[in-house]
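Engineer: Attaching a single structure in structure tokens format; questions to follow.
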Amino acid sequence: MTYAWFPVCDFSRITMAAYLDEFIPLDRTFHELMLEERADDDVGLVRKLGRREALRWPDLVREHRVILLSEAGSGKTAEIRNLASSLRRDGKPAFFVRIEHVTQAFEDAFEEGSFDEFNGWVASGEEGWLLLDSVDEARLRDPKDFERAIKKLGRLLSAVLQRVHIVITGRTTAWRATTDLLLCRKELPYHPAEKAVDEEASADNAEEITTKNTNTKTNPTAPFRIVAIDDLYGAQIDAFLRGKRVEDPRAFCDAVERKDAWSLTTRPQDLAELVEFWNDHQRIGSRLELMQSSIARRLEERDQNRSEVRPISVEKLRLGARLVAAATTLAQESAIRVPDGAENARGMPIREVLTDWDDVDCATLLSRPIFDEGIYGTVRFHHRSVREYLTAEWLHTLIVDEGSRAQVENLFFRSQYGIEVIVPTMRPVLPWLAVLDERILARVCRLAPEVIFEGGDPSQLPRETRSAILRQACEQLAQPAHGRSLTDYAAVQRFANDDLTGDIKAMLANYGDDDDIAWFLLRMIWQGEIVDLAAEAKLFALGSRAKYVRIAAFRALAIVGSDADNAEVRRVFLAEDGEVDRDWLAELIPGLPPDEQAVVWLLEALERTPAKKRFDVDSLMKALSRLA
């Protein structure tokens, strides 16, 4: 898109390198971070709340000092490199510089622009942009190199500090919230020009200027604005898929939805690999395959220079990740402490977990994108399910030694008043461990089969086991007070598979009058794309009067039914008496064929649709917008 209201440059050309052969425009967004001090004097970065609209490059490029933090693979390097290119194409003095080369040979540190152009700009008196990448690279060879580079840049820029816009990138774990900010504020100062209040200015304008100046003075990070890059979402993912020439983006997104794999679409690097697998195989793997692949990718260092400077085997990193996952799970402490150059009492100290690791290896592990930034100088596992799976892996290695089995099982199962129960705090790990160990699986199926639905990857279980669990689940749902875990949205995604066709058909025949069970099974037809159950889905789509049961039937039939089946459902739907339900109509719109007959049907349905209720979330308007 072109930001016509921002005259500095055309941001339609700012693109994302996303580890591809070509650049893809993604219009990345950012959120602001702020320093927050606790009562115990810990200081760290937390997300700043209160801003309605996401920050974009036009907002940041106007700032004179920006720190951009994000995990590996998020695209920050490609973003600022292409920002530099875009500014330069518009005739602006902009330079992309590698911080790690500044101390040794500044003239060779330029990747966009040159040293001669830099000197020419310094002497020109013009406004310019210096984009510096990255803090963590600068610290690879020597922890003091970043400090030396910033001090050197401060000397080189001393004459132009008031007219240079500086952006510094880095991995979140490499940025020391207190010490690095103090260093940059001292060596790269910027003093906003005081805005005098005109005597004839209105009282409102005077108050606005006074408030702005006050906020600038009280902001603990000023003049630096610290931001983090947002995960990919919505239109950005769509743009990425178009850029990668995915023939059927909707089919790809549906497959991701069914596999509960959206966590693998948040970073360009992960999404690129997922798309490449899809283009090759027209499918994405099972949840277990995706989990294992994601962990392997996030533990691997893709930068050859980093790998050579800090060599460490992937096997050692995985063992360390397992130990840290198990420690945080068992201690019920999700935060892991990151050394920050200052005293920090928050989170679990990693050296107390990896007792035979040195500081460099610990820092290398925490810098891998399997961890996300936390708060107050801590990190956390990228996703809770990753921590749960790695914990299950570690426990399974202990179970292999039969001498430890009883101790491991005691972590999950207890006897209270003569009744065997599952320990609640360890319940999230149990579905993964049940996939890895047959004896644990048998015990879970006997005691609480619904646990299998709550996580892990049930598709890896034998068909007979899944069939028995499905029957037990439907029997429990038929009870007046059943557990809600069986009807959770993700539970159906994990369990749906076409090899359960006969079981689902039998359950629909036996329990079809129960709305909870019907909804549950129809969602399995939809998520598992079980074509042989199209007749059952059509029956509920035509006759059900339960709101969510019919929605599930519409969605299932749209996937597994024929064009004639869906046309018949639309015809019967419109022939029904009374007003047209807005939510039901919204479900039928995406499948409309692009012809005149469909338009006539839609207009007639809209005439009979009641007005939108105030404050209600309206799916119909969204469906109509997409259709248009």
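The values are calculated or read from the model by the stated rules, or taken from the named source; none is laboratory data. Quick caveat: nothing in here was measured; it's all calculated off a predicted structure. Every residue, glycine among them, receives a Cβ derived from its backbone with ideal geometry; neighbour counts consider all protein chains shown. Just the protein is used for accessible areas: all its heavy atoms, side chains included, with ligands, DNA and RNA removed. Shrake-Rupley method; radii C 1.70, N 1.55, O 1.52, S 1.80 Å.
Engineer: Restricting attention to region 606-627, does a residue exist that is hydrophobic (A, V, I, L, M, F, W, C), farther than 27 Å from Tyr511 by Cβ, within 34 Å of the chain's Cα centre (by Cα) and exposed (fewer than 11 other Cβ atoms within 10 Å of the Cβ)?
Structural biologist: So far as region 606-627 goes, yes, one or more of its residues are hydrophobic (A, V, I, L, M, F, W, C), farther than 27 Å from Tyr511 by Cβ, within 34 Å of the chain's Cα centre (by Cα) and exposed (fewer than 11 other Cβ atoms within 10 Å of the Cβ).
Engineer: Another question about this same structure. Which one is least open to solvent (accessible area, probe 1.4 Å), of the residues in region 550-572 that are more than 31 Å from the chain's Cα centre (by Cα) and among the hydrophobic types (A, V, I, L, M, F, W, C)?
Structural biologist: Among those residues, the one meeting the criterion is Val569.
Engineer: In region 123-151, which residue that is open to solvent by 40 Å² or more (accessible area, probe 1.4 Å) and farther than 18 Å from Thr179 by Cβ is nearest to the chain's Cα centre (by Cα)?
Structural biologist: The qualifying residue nearest to the chain's Cα centre (by Cα) is Arg141.
Conditions tested, residue by residue: (1) among the charged types (D, E, K, R); (2) buried (at least 22 other Cβ atoms within 10 Å of the Cβ); (3) assigned to a loop (DSSP other than H, G, I, E, B).
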{"residue": "Ile504", "(1), (2), (3)": "no, yes, no"}
{"residue": "Ala509", "(1), (2), (3)": "no, no, no"}
{"residue": "Ile517", "(1), (2), (3)": "no, yes, no"}
{"residue": "Arg523", "(1), (2), (3)": "yes, yes, no"}
{"residue": "Ala534", "(1), (2), (3)": "no, no, no"}
{"residue": "Tyr548", "(1), (2), (3)": "no, no, no"}
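Engineer: Filtering region 358-372 down to residues that are open to solvent by 20 Å² or more (accessible area, probe 1.4 Å) and not in a helix (DSSP H, G or I), which residue is modelled with the lowest pLDDT?
Structural biologist: Looking at residues that are open to solvent by 20 Å² or more (accessible area, probe 1.4 Å) and not in a helix (DSSP H, G or I), I get Asp372.
Engineer: Identify all residues within region 295-318 that are modelled with pLDDT of 80 or more and touching an Asp or Glu at 6+ places or on another chain (Cβ under 7 Å); write none if there are none.
Structural biologist: Hits for region 295-318 are Arg297, Ile312, Val314.
Engineer: Here's something else I'd like to know. So Thr425 fits all but one of (1) touching a Ser or Thr at 6+ places or on another chain (Cβ under 7 Å); (2) within 30 Å of Leu45 (Cβ to Cβ); (3) not small (Gly, Ala, Ser); what number is the exception?
Structural biologist: Answer for Thr425: the failing condition is (1).
Engineer: May I ask you to verify whether Val580 is β-branched (Val, Ile, Thr) and farther than 21 Å from Arg258 by Cα?
Structural biologist: Here the answer is yes, as Val580 does meet what is asked.
Engineer: Run down Ala598, Ala575 and say which single residue is exposed (fewer than 12 other Cβ atoms within 10 Å of the Cβ) and under 28 Å from Ala535 (Cα atoms).
Structural biologist: Among Ala598, Ala575, only Ala575 is exposed (fewer than 12 other Cβ atoms within 10 Å of the Cβ) and under 28 Å from Ala535 (Cα atoms).
Engineer: Please go through region 595-628 and give me each residue that is farther than 24 Å from Gly234 by Cβ and in a loop (DSSP other than H, G, I, E, B), ordered by number.
Structural biologist: Matches in region 595-628: Asp595, Arg608, Thr609, Pro610, Ala611, Lys613, Arg614.
Engineer: When region 397-423 is examined, which residues are found to be touching a strand residue (DSSP E or B) at 6+ places or on another chain (Cβ under 9 Å) and not in a helix (DSSP H, G or I)?
Structural biologist: Result: Phe413, Arg414, Ser415, Glu420, Val421, Ile422, Val423.
Engineer: Here's another thing I want to ask about it. Filter region 582-627 down to the residues that are modelled with pLDDT under 90 and charged (D, E, K, R), then identify the one that is farthest from Lys547 (Cα to Cα).
Structural biologist: My answer is Arg626.
Engineer: Can you tell me which of (1) open to solvent by 30 Å² or more (accessible area, probe 1.4 Å); (2) at pLDDT 85 or above is the one Ile375 doesn't meet?
Structural biologist: Here Ile375 clears every test but (2).
Engineer: Of the residues Leu188, Leu157, Leu181, which single one is over 36 Å from the mean Cα position of the chain (by Cα) and either among the small types (Gly, Ala, Ser) or at pLDDT 80 or above (or both)?
Structural biologist: Leu157
Engineer: So which pairs qualify, if the first residue must be in region 110-134 and of a type outside the set (Lys, Arg), the second must be open to solvent by 60 Å² or more (accessible area, probe 1.4 Å), the Cβ gap must be under 6 Å, and the two must be at least 6 apart or on different chains?
Structural biologist: So the pair list comes out as Phe115/Glu107.
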